[in-house]
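Enquirer: I have a structure here, written as structure tokens, and I will follow up with some questions on it.
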Amino acid sequence: MEIPFQNRWLTLAIVSAALFLVVIDMTVLYTALPSMAQALRTTASEKLWILNAYSLVMAGLMPVLGALGDRIGHRRIFIAGMVVFGVASMLAALATTSAVLIGARVLLAIGGAAMLPATIAIIRVTFQDPRELALAIGIWAAIASGGAAVGPLLGGALLEHFWWGSVFLINVPIIAVATLLALRYVPVRPGNAAITIDLPSCGLSMVGIIALAYGIKELAKPGGSAALALGMLVLGGATLGVFVRRQLRLERPLIDLRLLAQAPIATGMLVALVASMTLIGFELVLSQRLQLVAGKSPLEAGAFVLPISLGSFFAGPLAGAVIGRIGCVRVIAAGLAMTALGIVGYLLLRDGSVLAQVLVLTVCGIGIGASLTASSTLVMSNVSEDRAGMAGSVEGVAYEFGGGFGVTIFGSLMTAVYVSTVDRLGFAVQAGGSLDEAHAHARAHPEAQAMLQAAMQAFETSFTWVSVAVAAILLALVLAVLGQRRRLGAAGEAPRVAAH
């Protein structure tokens, strides 16, 4: 049944508001963490779990809850997720111990894992016109990228006037209003009762994804345990291997890997994974350069990187409108090429005027926003309504793993180039394994300015290597996507919604 025009866009507004809260909670603690740690007297280990519990549990649960939404209806799972998220926000705001806050963050992740796949699935079943669907996904992608950037800024603004718990408490009234509106306006669509929820598959999926994600985070963490990281990576890889074999044997699998192997969906997932990996990798080295070389404060560095997110925010709806004219493949290729161009532009203009740097970072953001919007459209317009939750959840996991791989791979490259360069310059002992250590040594030994200059030079070399590697990977992905145009066929042109 055709949903009235105004109700379709009101539904989009409701799910976008919920999505905004889910992605904000991934980053809002970056600025609130010091105040929170002092108030709760957290240990270093507890701080890490407060930060990581949210993303780890969300990644592990999204495939299960996405499939459950396909079975019982996405409206039902979306509203249940909002209720859990609201209760968890209240618990987190009022937490008096680290253990309670960690538990609240886990509960927030359960609510978020129910909501996030449901948001894109509800959009998929609400918008039947392909061009409207592309535009709606563009707005969804803009909210997803903008929320992560707004998180630290919102946290900083709230902490200027309120206590650290306000970063969670602000969720409660928004969730309450969104829940009431969802009950009234989000259309009721029955799920597909034929979709089975295989409990062993659920367990394997959660253990495998959480272990693999934890291993990647441990590997990327300064001073992390290599043995623990390797153990978790082996556990995660082995468990997911068993999961894949089980899915291929089941008549009705939790995740239909045959569907994900279709060229349009596989291409969209690959773009989501690689684009998020390269963007996070570049932002990692860029934020460190701004603070350790350019001398900016953490807040100033965050504001300086904001043009990437703002460019992505405005590019989402624009790309959604353009996709209907020129197709997903061209938008993906153009967006990835623009991102690479923006990164190379910053590399060349990093010591130029602030305006020039802001412009090239904006180009980078526009490119990444356009390509991610087009990749999501390519996936969702080629999956049937009854598997939209599954596809949305897998795409969410791809983003999560992409970010983790980006920190690990490009952080390791940055460190390797830095260490080899300071060694070549003869300052390996004093400069340590990072520019942070070199700054600490220089503060303790004011006469070591020559060493600090050499360390900064080494970091600039590592920044160049990482930036070039990121741009090269993006351009290689452009060629790979263009090479798939024949296999994608009509799916890569102006979008057509898959049969119900």
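Enquirer: Can you send over the carbon and sulfur percentage of the accessible area for the stretch 269-318, probe radius 1.4 Å, protein chains only?
Expert: Values: 1410 of 1870 Å².
Whole-percent figure for carbon plus sulfur exposure: 75.
Enquirer: Return the distance in nm (one decimal) between the two label points of a simple spin-label model at Ala39 and Ala294, each offset 7 Å from Cα along Cα→Cβ.
Expert: In this crude label model, Ala39 to Ala294 measures out at 3.1 nm.
Enquirer: Equivalent-ellipsoid semi-axes (√(5λ), Cα gyration tensor) for the stretch 379-450, whole Å, largest first? All intermediate terms of the calculation are to be shown ahead of the outcome.
Expert: Values: eigenvalues 438, 27, 9 Å².
After scaling each eigenvalue by five and taking roots: 47, 12, 7 Å.
Enquirer: Another question, if that's okay. Taking N as the number of residues in the stretch 41-83, what is its Cα Rg relative to 2.2 N^0.38 Å? Could the numbers behind the result be given before it?
Expert: On the way: Rg = 14.4 Å, N = 43, 2.2 N^0.38 = 9.2 Å.
The value comes to 1.57.
Enquirer: Select from Leu482, Ser312, Val106 the residue farthest towards the positive end of the dipole of the chain; place +1 on Cβ of Lys and Arg, -1 on Cβ of Asp and Glu, and compute about the Cα centre.
Expert: Value computed over the given set: Leu482.
Enquirer: What is the Cα coordinate range of the stretch 181-250 on the first, second and third principal axes, sorted by size from largest, in whole angstrom?
Expert: 50, 37, 14
Enquirer: Can you tell me the relative contact order of the stretch 280-382? Whole percent, Cα pairs under 8 Å, sequence separation 6 or more.
Expert: Numbers: 120 pairs, mean separation 38.0, N = 103.
It rounds to 37 percent for the stretch 280-382.
Enquirer: Per 5 Å bin from zero, what fraction in whole % of the C-alpha pairs of the stretch 333-411 is there, up to the bin with the longest pair?
Expert: 3, 15, 15, 18, 19, 13, 8, 5, 3, 1, 0
Enquirer: Then there is this: Explain nothing, just the number: dipole magnitude of the chain about its Cα centre with +1 on each Lys and Arg Cβ and -1 on each Asp and Glu Cβ, in debye rounded to the nearest 20.
Expert: Numbers: 30 positive and 24 negative charges, 208 e Å.
For the chain, the charge dipole is close to 1000 debye.
Enquirer: Separate question: Work out the length of the dipole vector of the stretch 1-135 about its Cα centre, built from +1 on the beta-carbon of each Lys and Arg and -1 on the beta-carbon of each Asp and Glu, and round it to the nearest 20 debye. Intermediate values should be presented prior to the final figure.
Expert: On the way: 9 positive and 6 negative charges, 32 e Å.
The dipole magnitude comes to about 160 debye.
Enquirer: Okay, moving on. If I model the stretch 57-142 as equal point scatterers sitting on the Cα atoms and use the Debye formula, what is log10 I(q)/I(0) at q = 0.22 Å⁻¹?
Expert: Those come out to -0.97, one per q.
Enquirer: Taking only protein heavy atoms into account and a 1.4 Å probe, give the accessible area per residue of the chain in Å². Spell out each step's value before the answer.
Expert: Working: 20210 Å² over 500 residues.
Per-residue value: 40 Å².
Enquirer: At 1.4 Å probe size, with the rest of the protein present, what percent of the exposed accessible area of the stretch 387-449 is carbon and sulfur atoms? If you can, show how the numbers build up before the last one.
Expert: Numbers: 1670 of 2660 Å².
Of all accessible area on the stretch 387-449, carbon and sulfur atoms account for 63 percent.
Enquirer: Compute the longest continuous run of the chain that contains no exposed trypsin sites (Lys or Arg not before Pro); treat a site as exposed when its DSSP state is not H, G, I, E or B and it has at most 14 other Cβ atoms within 10 Å.
Expert: 42-495
Enquirer: Given C-alpha coordinates of the chain, what is the ratio Rg to Rh with the Kirkwood estimate of Rh?
Expert: Details: Rg = 22.5 Å, Rh = 23.3 Å.
Radius of gyration over Kirkwood radius for the chain works out to 0.97.
Enquirer: Given Cα positions, please report Rg to Rh for the stretch 342-500, the hydrodynamic radius being the Kirkwood one. It would help to have the intermediate numbers written out before the result.
Expert: Working: Rg = 21.5 Å, Rh = 19.0 Å.
Using Cα coordinates only, the ratio equals 1.13.
Enquirer: Could you give the longest part of the chain that holds none of the chymotrypsin sites (Phe, Trp or Tyr not before Pro) found in DSSP loops with at most 16 neighbouring Cβ atoms within 10 Å?
Expert: Details: sites that count: Phe162, Trp163.
Free of exposed loop sites, the longest segment is 164-500.
Enquirer: May I ask which residue of Asn382, Ala136, Ala13 lies farthest towards the positive end of the charge dipole of the chain, with charges of +1 (Lys, Arg) and -1 (Asp, Glu) on Cβ and the Cα centre as origin?
Expert: Asn382
Enquirer: Next question. With a Cα-only, solvent-free Debye model of the stretch 260-406, what are the log10 I(q)/I(0) values at q = 0.10, 0.18, 0.20 Å⁻¹?
Expert: Taking Cα atoms of the stretch 260-406 as identical point scatterers yields -0.36, -1.00, -1.17.
Enquirer: OK, next. Give the angle, between 0 and 90 degrees and rounded to the nearest 10, that separates the Cα long axis of helix 449-483 from the longest principal axis of the Cα atoms of the chain.
Expert: Once rounded, one gets 30 degrees.
Enquirer: Just the Cα atoms of the stretch 180-319, one point each, no solvent: what log10 I(q)/I(0) does Debye give at q = 0.11, 0.14, 0.19, 0.21 Å⁻¹?
Expert: Log-scaled intensity ratios, in q order: -0.73, -1.03, -1.17, -1.21.
Enquirer: Is there a quick way to get the dipole size of the stretch 349-500? I mean about its Cα centre, with the Cβ of Lys and Arg at +1 and of Asp and Glu at -1; what is the value in debye to the nearest 20? Display every interim value, and only then the final one.
Expert: Values: 8 positive and 11 negative charges, 110 e Å.
The dipole of the stretch 349-500 has a size of about 520 debye.
Enquirer: Ignoring ligands, DNA and RNA, how do Glu300, Glu218 rank by accessible area with a 1.4 Å probe, largest first?
Expert: Numbers: Glu300 100, Glu218 15 Å².
Descending order: Glu300, Glu218.
The values are calculated or read from the model by the stated rules, or taken from the named source; none is laboratory data. Everything numeric here is computed off the predicted structure, so don't read it as measured data. A quick note on method: Cβ atoms are made from the backbone with ideal geometry, for glycine too, and the neighbour counts reach across all protein chains shown. Note: accessible area is taken over every heavy atom of the protein model, side chains too, but ligands, DNA and RNA are not part of it. Shrake-Rupley method; radii C 1.70, N 1.55, O 1.52, S 1.80 Å.
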